[in-house]
Every structure is written in structure tokens, then in C-alpha cells.
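To keep things clear, I will list the structure first and then write my remarks on it.
The values are calculated or read from the model by the stated rules, or taken from the named source; none is laboratory data. Since this is a predicted model, take the numbers as computed values, not measurements. Ideal geometry is used to build each Cβ from the backbone, glycine not excepted, and the neighbour counts take in all protein chains shown.
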């Protein structure tokens, strides 16, 4: 039996509710291929912040470092500003462990209706490669004359050739394995004449190493439009930290629900643990009601299993989710159903076990 050590940060809001179902699904899938998980829970998030005035202890990154992967539920609270939660927990993890690939799939399952008319099942199938450690989220800058009429804030994006090239290359390498073999780059170099021009140069340079891959380069405003007008035309998309964040929220809605949006924050070198989380956030409006959709968290756990090279286990989760949606199994309110979070999770486990 192969044992893997997984750090679990259930976090805030619906985080504990959906993470519980993701862990149970991973346990069931792992048994199919002789793997078990040793889950270590860390009580970090806004509850910790209210008590300690920080999101996690000072050595939290050292505590996470020895694990094979990290499973995250959600962070965020209406009484805590988002920049506190992001910079107090998520961004330090991504940077310390060099999780420079944020991979976010968007797939239109059979049995799920897109809000866009006439979109057939499986017609939308894209992977967004979001740069995850620099760009617009580098948090470089400062403020002077704060809390006065002369308050000045300077926010600087950071684009490096190394950072641009490695995320773009990761996108091309993935596209090489997919049938359509297409990569779309999202830019804004007409207005951002330094960082985004460097991005464009890096994209052209990497593309020259992959002559078999078809490419297009879209300004972010046009990309938003095309995600709505022709989402089925996209295969692999590569974007900066901010643009990737915006586009993947849109992509999740286009394929039916934020409750299906999984993601992985990945160190492709495997030198450090990668982190897997649903995109939907803490959803304080439905916290404690037992109606949160656990499928995004469960699909994030499947991404974790894939990264841990437990391909058969991951495939069993993907089949279970597809079968539940195709056959009209229990579904949460965001997908038009009335099922509780636990009912959806139990139905997935039953399908994994066969």
C-alpha cells in the first residue's frame, strides 16, 4: 500500500463542507490502486486570523513543506479584506513552493446546460494555464501620504523572461498531447508596453519550438468576448496572473457553474508540494446550509491524484462525476437540483466503488 501525506487546509465558509467530500472521494479512489492518504489538517484561515491577527502561524510554510501535496478548501470572510486572506496564505504558498502553473480546466459535461445557447455536451473543453507567481499579483509597490487627501498608491506588475517562458512552454507542452493542438495567448500589449510586450516576445519565441501547434494571440478584452462568442474554439489558453484569473471565472460559468471549477497550483518539477483547490471561494451566503456543490473540490482532488501519478484513481473520479451529471444523479442547487452537499458526495463515492 502506497501512503501519501496530504496537508489539508479546509479554511473558511463552505471550505470544510466541500473538502470533506473531496477527501472521501480521494480515499475511495485511492483504494482502487493501492494508495492511501494520511491527511493532516491545519486550522488556518480567517478564524485563525480573528484570534492571532494573521492567517497562519509564522512557520506555516515550513509545516507544509514536507507533504506530498496540499488540499485547500477556501479562504475568505466578509469581515476580512480579500488582500489580507490572499497575501496572508495563498500567495505565500504559491511563491514559496514555486507553483508557477495554475491549471484550470473548463469542460461542458453532458447533463449540464451552458447559459450560452446551442452548446453541445463536450463541445467546450479548454485548459487555462495561468501564470501563478508574478505578473499583476507580484504585490510590488507602496503607499505614501496614506489616509490623507494626498494618498498615493503605486502597484507594479512584474514580468520576467523566465516567468513568461516557463508558463508558456508548459502550455505548449500540454497542447502537444491534446488532439486539437492549439494555444491561445492572452495579452494587452497595445496598452501595457513593457510587461505585455515581453510576454508577446516570449510567446513568439516558445511557439517557434512547436511548429505543429496552431497559435493565436488575443487582447484580453477581445478574449473575454470570444470566450462567450466561441468558447468551443479554445483548446489550451495561456495568460498572465490577472488575465487568467478573470478568464477562468468566466469559463466556469460558461460550462454551467462555479461549482464545477477545479484548479491546481502546480510545481511541475515536483521539488515542492503542489496545492489543489476549487475556484469558487468561501461562499459565505450559503455557509452552513449544506447545499454547496462539492464537485469542484472533488475534481480538484482528482487533479491532485493525477499530479501524484495515481492516474487510475483520478480517472475513476472523473468517470463518477461524468456519470452523475449525465444520468441525472443528485445535484446541488447551483445546477438546478435540491441535493445536499453530502448526498452529492455519497453518490460520487458509490460510483467510484462501482
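Among all residues of region 326-340, there is none that is within 18 Å of the chain's Cα centre (by Cα), farther than 25 Å from residue 96 by Cβ and in a helix (DSSP H, G or I). Suppose the filter is out of contact with any helix residue (DSSP H, G or I) (no Cβ under 6 Å at 6 or more places or on another chain) and assigned to a strand (DSSP E or B); does residue 154 pass it? It is true that residue 154 is out of contact with any helix residue (DSSP H, G or I) (no Cβ under 6 Å at 6 or more places or on another chain) and assigned to a strand (DSSP E or B). Screening residue 249 against (1) touching a residue at least 40 places away in the same chain (Cβ under 8 Å); (2) on the phi < 0 side of the Ramachandran plot; (3) surrounded by fewer than 23 Cβ atoms within 10 Å (Cβ to Cβ); (4) under 12 Å from the mean Cα position of the chain (by Cα) leaves a single unmet condition, (1). A count restricted to region 259-274 and to residues that are more than 9 Å from the chain's Cα centre (by Cα) and touching a residue at least 60 places away in the same chain (Cβ under 8 Å) stands at 10. Against the definition (touching a residue at least 40 places away in the same chain (Cβ under 8 Å) and at positive phi), how does residue 256 come out, yes or no? Yes. Does residue 206 count as in a strand (DSSP E or B), surrounded by 23 or more Cβ atoms within 10 Å (Cβ to Cβ) and in the same structural domain as residue 169 (by TED's automatic domain parsing)? No; evaluated as a whole, the condition is false for this residue.
Exactly one residue out of 286, 291 is out of contact with any helix residue (DSSP H, G or I) (no Cβ under 6 Å at 6 or more places or on another chain) and assigned to a loop (DSSP other than H, G, I, E, B), and it is 286. A count restricted to region 105-122 and to residues that are exposed (fewer than 15 other Cβ atoms within 10 Å of the Cβ) and touching a helix residue (DSSP H, G or I) at 6+ places or on another chain (Cβ under 6 Å) stands at 1. Only one of the listed residues (165, 201, 173, 131) is out of contact with any strand residue (DSSP E or B) (no Cβ under 6 Å at 6 or more places or on another chain) and over 30 Å from residue 260 (Cα atoms). That residue is 201.
Just to check your reading of the model, which residue among 68, 59, 82 is modelled with pLDDT under 95 and surrounded by fewer than 22 Cβ atoms within 10 Å (Cβ to Cβ)? Step by step, each of 68, 59, 82 is checked, and only 82 is modelled with pLDDT under 95 and surrounded by fewer than 22 Cβ atoms within 10 Å (Cβ to Cβ). In the set (1) assigned to a loop (DSSP other than H, G, I, E, B); (2) in the same structural domain as residue 71 (by TED's automatic domain parsing), the condition left unmet by residue 271 is number (2). Regarding region 157-173, can at least one residue be identified that is within 18 Å of residue 129 (Cβ to Cβ) and exposed (fewer than 14 other Cβ atoms within 10 Å of the Cβ)? So far as region 157-173 goes, yes, one or more of its residues are within 18 Å of residue 129 (Cβ to Cβ) and exposed (fewer than 14 other Cβ atoms within 10 Å of the Cβ). For the condition under 30 Å from residue 209 (Cβ atoms) and in contact with a helix residue (DSSP H, G or I) (Cβ under 6 Å, 6 or more places away or on another chain), residue 102 does not qualify. Scanning region 209-237 for residues that are in a strand (DSSP E or B) and either touching a residue at least 40 places away in the same chain (Cβ under 8 Å) or over 22 Å from residue 176 (Cα atoms) (or both) yields 219, 236, 237. On the stretch given as region 333-344, residues that are more than 12 Å from residue 112 (Cα to Cα), crowded, with 19+ Cβ neighbours inside 10 Å and touching a residue at least 60 places away in the same chain (Cβ under 8 Å) total 2.
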